[in-house]
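The values are calculated or read from the model by the stated rules, or taken from the named source; none is laboratory data. Every value quoted in this text rests on a predicted model; they were computed, and no experiment measured them. A quick note on method: Cβ atoms are made from the backbone with ideal geometry, for glycine too, and the neighbour counts reach across all protein chains shown. Remember, those area values only see protein heavy atoms, side chains included, never the ligands or the DNA or RNA. Shrake-Rupley method; radii C 1.70, N 1.55, O 1.52, S 1.80 Å.
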Amino acid sequence: MTDTLDTLPTPCLILDRAVLRRNVRRMTDRLKPAGVQLRPHLKTAKSVEVGRLATAAFDGRITVSTLAEARYFAAGGFKDILYGVGIVPSKLAAVTQLRRGGTNLRVVTDNIPIARAIAEAARAGDSFSVFIEIDSGGGRAGLPYPGLPGLVDIAHILHGAANVELAGVMTHAGHSYHENTPDGIAKVAEQERLAVVTAAQALRDAGIPCPIVSTGSTPTAMHARRFDGITEMRPGVFVFNDLDQAGIGSCGSGDIALSVMASVIGHYPHRNQLLIDAGALALSKDISAQEFMPKAGYGFIKDAPVADLAVVACSQEHGFVQADAPLPYDKLPIGSKVRVWPNHACITAAAYDRYYVIDSEESDGRTVVATYDRINGW
């Protein structure tokens, strides 16, 4: 028997493949004409099937955020993988194991001791491919731009070591998420571009090759006005989008491919609320969209019968749903199902082990046309 939205258990994760494909086409149309490769950050989807769709028009390179993801995507046939979290010596053996199996698993560092540890590990005959991380303003990891202290020293250690490839430089402009206008995001995108292009040129001026110049977040990929000097971008959430992306102008509400389906489990007219069986564990408590969409709470109800119907509070397994207007309880009876657009797709999806896939263009949008698995953990 084919599942439909009416027969699925709740809470569960719903993915509209038609919207996903549109999102991938839009990113492809942004990057292809600029000659920029897409290395999607699959920490959002954590799914081989989504990864294949995202990379179909490119050469198959991807980014991951855990070694578990690296192993999963390597088993799924992906051969060029950037492990985009700063490497430590204790993880080099796991990297080596994947590289020996034929996967070009690349690592990231921003400091001299780790560069030396990589060079030392490579003396035994194992090979490594390394990016130097640049902080283009996000304030998380990387050599701070514009000073770039230690850049050439790190590069000399890596480039001079046997069996080590200095793959290039990379950055992530996480501060693009704090902007909410195209002009503001474009300004961050240019700062991001200048940081890595400057770093790449500094290496080349020192006689050190820098083949890959890697940037990317979904906002900067969508709103950058120049790609000069960039060879690849690493957006991630663009495949699904979410209320946060809608709030900062990187997509519209019709571009959100992911939702959490929940059941209505209680009516409380005295406080103009209803309860659903999706709480903090099913939705996350990420309210990153709050600054730009103050009524979003922990997620808007999709196709709601009243405006701004949102999950306004969460306990572990309960979501409290409310709107400014009186709730039409007759249209939301107990046992009925609703779909919640998430604030942050990456964190919300992390609670689930699969996607129930529908297709609003190829079918009725209610029939489950596929199930995609995903990897969790580290």
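Summary of values
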quantity	calculated
Theoretical gain in end-to-end length, residue 75 to residue 334 [0.36 nm per residue, Cα-Cα removed]	88.9 nm
Contour minus Cα-Cα distance for residue 153 and residue 351 (0.36 nm per residue)	67.1 nm
Whole-number accessible area per residue in Å² for segment 191-309, which is evaluated in the context of all protein chains at 1.4 Å	33 Å²
Cα-centred dipole magnitude for the chain, charges only on beta-carbon of K, R (+1) and D, E (-1), debye, nearest 20	660 debye
DSSP beta bridge pairing in the chain, given as percent antiparallel to the nearest 5	45 percent
DSSP H segments from the chain that extend 27 Å or more along their own axis, Cα-based, with Kyte-Doolittle mean of -0.5 or above	182-205
q = 0.15 Å⁻¹, segment 1-139: log10 I(q)/I(0) [Debye, one scatterer per Cα]	-0.84
With every protein chain in place, segment 70-124: carbon and sulfur % of accessible area (1.4 Å)	53 percent
Charge dipole (debye, nearest 20) of segment 161-307; +1 at Cβ of Lys and Arg, -1 at Cβ of Asp and Glu	180 debye
Alpha-carbon Debye profile of the chain, log10 I(q)/I(0) at 0.06, 0.10, 0.13 Å⁻¹	-0.25, -0.66, -1.02
15 Å beta-carbon shell around residue 94, net charge (K/R +1, D/E -1)	+3
Furthest towards positive pole of dipole, 258, 270, 248, structure part segment 235-294, Cβ charges	270
Count of Lys pairs (Cα-Cα under 23 Å; at least 8 positions apart or interchain) in the chain	17
Cα gyration tensor category, rounded, prolate or oblate, for segment 1-76 with a/c compared to 1.5	oblate
Extension gain (nm, one decimal) between residue 371 and residue 308, 0.36 nm per residue minus Cα-Cα	19.7 nm
Separation between Cα centres of segment 143-197 and segment 302-378, rounded to whole Å	37 Å
Contact order normalised by residue count of the chain, Cα under 8 Å, 6+ apart, percent	20 percent
